[in-house]
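*Asks:* A single structure is presented below for examination.
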């Protein structure tokens, strides 16, 4: 049996994923299920990436350990996968003991080979992306990937000799045109990263501790690239000493890594070079899928446009979520989701086209033949075209799925559904039922429709497995195999249909949108901190809130939290300490007009006197200093 090994990128455990994140595992599941359907021995891997500075910082803010944090988020991610009926064979966590041990072995092997060496890093670091950048790589002084603030960092680190393998990787990409897909992504990697020349890659950190330790150098933890990327082989029991397990020997190299386009560089440059250094085969293909946007924007909690899979499932059902995610995402361009477009697609494709076809057909067999499927012996007009459309679909779908054009493959199934609905309009069974002489022809029409629906159910099983099963139950057929869709006639005459039941009840758009809006409004109320008790006006008047111009700002020695401000307030200066060092770089605040409470009693912190309080707004996990326009004079009072 031909093997097929497919993986998702492992999900980062910083926060609960939204539908844009979850799309990837739905896409991968459909590809995995289809390859099982056509007879391949499939191994499907997914999991979670659980180390790094960002997770350590989030855990500290939550007042829990990093392990407690990742246990919670990894559990939520796995729950979402199970909720979406994802047929993964293994769920790896990078905190698993076997993974950590294998990563240490890989690091040691690369070090022993001379491909990893010790040096010092100085440059700009983006914590959310966990990426280092040079001055020239920054865009307007910010991270070129996510646009966020970066921090100047200098630390001792180990580096991987990427440049040593650059020419070898270029040759591989040129001789394996299918390696990076879509084609536009390949051009981006070659032109933007390989041709300008690769820099050696930082592969250890000393500024945080939440990671896999470098065994031979305490204080260093193995950085994300070797840790996270290695999961694709450690999950198969890989060991660099040549004693890998049977899973590795059977399934590696991977047939395809399914990843988001934003992490393509890591999977098509860093990862293959690591494998080359280890002397292992490269994956056959890396597919960088597009993003699912909300309208024209990328999903972001700060924008308030996040849609979660759990909410969609609660309102519309698992298979409707799977269908929309798979059908509405183009091969190479970003897709979009809104509640309005979701409901429109649900009503047109699922309730009307598919649901009505099945419900009408089963109801007519029950009405005209007491639920017994008649024979199809009396051929007539339109039969041949219906049969050719139904049986010809599988070859077209196979071609699309080999190219990973999943949305296009679903369109082939829609073609069969639409042809069957048209067949009903052409043959008009309700007219045939009026004459006993037309009963044999009516029987053939009903048989052809049941058989076409059986083929549709079989073809849908990779994309909407629950729905495929429900359809099979209603038409009284269990034969949904790959071989059975190549020819017309597998349904046995004389078998009985089940009870007709709507697969997808049509949604009242206006009513559902009002319900969703009310639900989101209620959630918004719970997202903000509760309001404090009312106070009298004279209590408010006791506060002296002023504008101060920041003329100095620096970190307080021996403190991870405190910044020391010197404010110009009219003709005076004022020193204030504020615990916001995690959220602002000192230099970005110099010259700003900030708001502060001027009449708080002074207090000493870290041996320094603080005379007031800088005002900040708290949103999600970030504090932002409140500022006013520069033309307002220092000392101005807020009234």
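*Asks:* Can you tell me which residue within region 432-445, out of those that are in a helix (DSSP H, G or I) and touching a helix residue (DSSP H, G or I) at 6+ places or on another chain (Cβ under 8 Å), is surrounded by the most Cβ atoms within 10 Å (Cβ to Cβ)?
*Replies:* Step one: list which residues in region 432-445 are in a helix (DSSP H, G or I), which gives 432, 436-445.
Now narrow it down to the ones that are touching a helix residue (DSSP H, G or I) at 6+ places or on another chain (Cβ under 8 Å): 432, 438-439, 441-445.
Details: 432: 20, 438: 15, 439: 14, 441: 17, 442: 24, 443: 23, 444: 19, 445: 29.
Ranking the qualifying residues of region 432-445, first place goes to 445.
*Asks:* Could you tell me which numbered condition residue 575 fails, if it satisfies all but one of (1) part of a strand (DSSP E or B); (2) within 22 Å of residue 141 (Cβ to Cβ); (3) free of Cβ contacts under 8 Å to residues at least 40 places away in the same chain?
*Replies:* For residue 575, the failing item is (2).
*Asks:* Starting from residues that are in contact with a helix residue (DSSP H, G or I) (Cβ under 9 Å, 6 or more places away or on another chain) and over 23 Å from residue 466 (Cα atoms), keep the ones in region 335-355 and report whichever is modelled with the lowest pLDDT.
*Replies:* Looking at the filtered set, the residue picked out is 335.
*Asks:* Restricted to region 21-43, and to residues that are surrounded by 24 or more Cβ atoms within 10 Å (Cβ to Cβ) and at pLDDT below 95, which residue is farthest from residue 331 (Cα to Cα)?
*Replies:* If we take residues in region 21-43 being surrounded by 24 or more Cβ atoms within 10 Å (Cβ to Cβ) and at pLDDT below 95, then 22 is farthest from residue 331 (Cα to Cα).
*Asks:* Then there's this: Name the single residue, out of those in region 44-77 being under 15 Å from the mean Cα position of the chain (by Cα) and over 14 Å from residue 14 (Cα atoms), that is surrounded by the most Cβ atoms within 10 Å (Cβ to Cβ). Before you say what the answer is, go through the steps one by one.
*Replies:* Let us first name the residues in region 44-77 that are under 15 Å from the mean Cα position of the chain (by Cα), namely 45-49, 73-74, 76-77.
Those still in the list that are over 14 Å from residue 14 (Cα atoms) too: 45-46.
Details: 45: 23, 46: 27.
Across region 44-77, the extreme among qualifying residues is 46.
*Asks:* Look through 219, 197, 141, 245 and report the one residue that is loosely packed, with under 15 Cβ neighbours inside 10 Å, under 29 Å from residue 120 (Cα atoms) and either under 29 Å from the mean Cα position of the chain (by Cα) or at pLDDT 95 or above (or both). I'd like the intermediate steps shown before the answer.
*Replies:* On the way: 219 fails: either under 29 Å from the mean Cα position of the chain (by Cα) or at pLDDT 95 or above (or both); 197 fails: either under 29 Å from the mean Cα position of the chain (by Cα) or at pLDDT 95 or above (or both); 245 fails: under 29 Å from residue 120 (Cα atoms).
Exactly one residue qualifies, and that residue is 141.
*Asks:* Collect the residues in region 459-494 that are outside any loop (DSSP other than H, G, I, E, B), in contact with a helix residue (DSSP H, G or I) (Cβ under 6 Å, 6 or more places away or on another chain) and under 16 Å from residue 361 (Cβ atoms), keeping them in residue-number order. Working first, answer last.
*Replies:* So the first thing to find is which residues in region 459-494 are outside any loop (DSSP other than H, G, I, E, B), and the list is 459-460, 465-475, 483-485.
Still in the running and in contact with a helix residue (DSSP H, G or I) (Cβ under 6 Å, 6 or more places away or on another chain): 459-460, 466-468, 471-472, 474-475, 485.
Within region 459-494, 460, 467, 468, 471, 472, 474, 475 meet the criteria.
*Asks:* Residues that are in the same structural domain as residue 569 (by TED's automatic domain parsing) and within 17 Å of residue 552 (Cα to Cα): find the strands (runs of 3 or more DSSP E) completely inside region 582-632 holding 2 or more of those. It would help to see each step written out before you state the result.
*Replies:* Values: elements: 593-597, 603-605, 608-610, 616-619, 622-625.
Those strands (runs of 3 or more DSSP E) span 593-597, 608-610.
*Asks:* Say we look at region 558-580 and pick out the residues that are closer than 19 Å to residue 60 by Cα and in contact with a strand residue (DSSP E or B) (Cβ under 7 Å, 6 or more places away or on another chain); which of these is surrounded by the most Cβ atoms within 10 Å (Cβ to Cβ)? Can you show your working first?
*Replies:* Step one: list which residues in region 558-580 are closer than 19 Å to residue 60 by Cα, which gives 558-563, 578-580.
Those still in the list that are in contact with a strand residue (DSSP E or B) (Cβ under 7 Å, 6 or more places away or on another chain) too: 562-563, 578, 580.
Numbers: 562: 19, 563: 24, 578: 26, 580: 18.
Filtering first and then ranking leaves 578.
*Asks:* Which condition from (1) buried (at least 19 other Cβ atoms within 10 Å of the Cβ); (2) free of Cβ contacts under 8 Å to residues at least 24 places away in the same chain is the one that residue 135 breaks?
*Replies:* Exception for residue 135: condition (1).
*Asks:* Could you check region 333-353 and list, in sequence order, the residues that are in contact with a strand residue (DSSP E or B) (Cβ under 9 Å, 6 or more places away or on another chain) and part of a loop (DSSP other than H, G, I, E, B)? Before you say what the answer is, go through the steps one by one.
*Replies:* The first filter runs over region 333-353 and keeps only residues in contact with a strand residue (DSSP E or B) (Cβ under 9 Å, 6 or more places away or on another chain), leaving 334-338.
Within region 333-353, 334, 337, 338 qualify.
*Asks:* Anything in region 364-389 that is over 13 Å from residue 443 (Cα atoms) and modelled with pLDDT under 95? List them, or say none. Steps first, please.
*Replies:* We begin by selecting, within region 364-389, every residue over 13 Å from residue 443 (Cα atoms); these are 381-382, 384-389.
Within region 364-389, just 381 meets the criteria.
*Asks:* Looking at this structure, is residue 325 at pLDDT 95 or above, in contact with a strand residue (DSSP E or B) (Cβ under 9 Å, 6 or more places away or on another chain) and assigned to a helix (DSSP H, G or I)? Even if it seems obvious, please write down each step before you answer.
*Replies:* On the way: at pLDDT 95 or above: yes; in contact with a strand residue (DSSP E or B) (Cβ under 9 Å, 6 or more places away or on another chain): yes; assigned to a helix (DSSP H, G or I): yes.
So residue 325 fits the description; yes.
The values are calculated or read from the model by the stated rules, or taken from the named source; none is laboratory data. Keep in mind the model is a prediction, meaning the values are calculated, not measured. All Cβ positions, glycine included, derive from the backbone under ideal geometry; neighbour counts span all protein chains shown.
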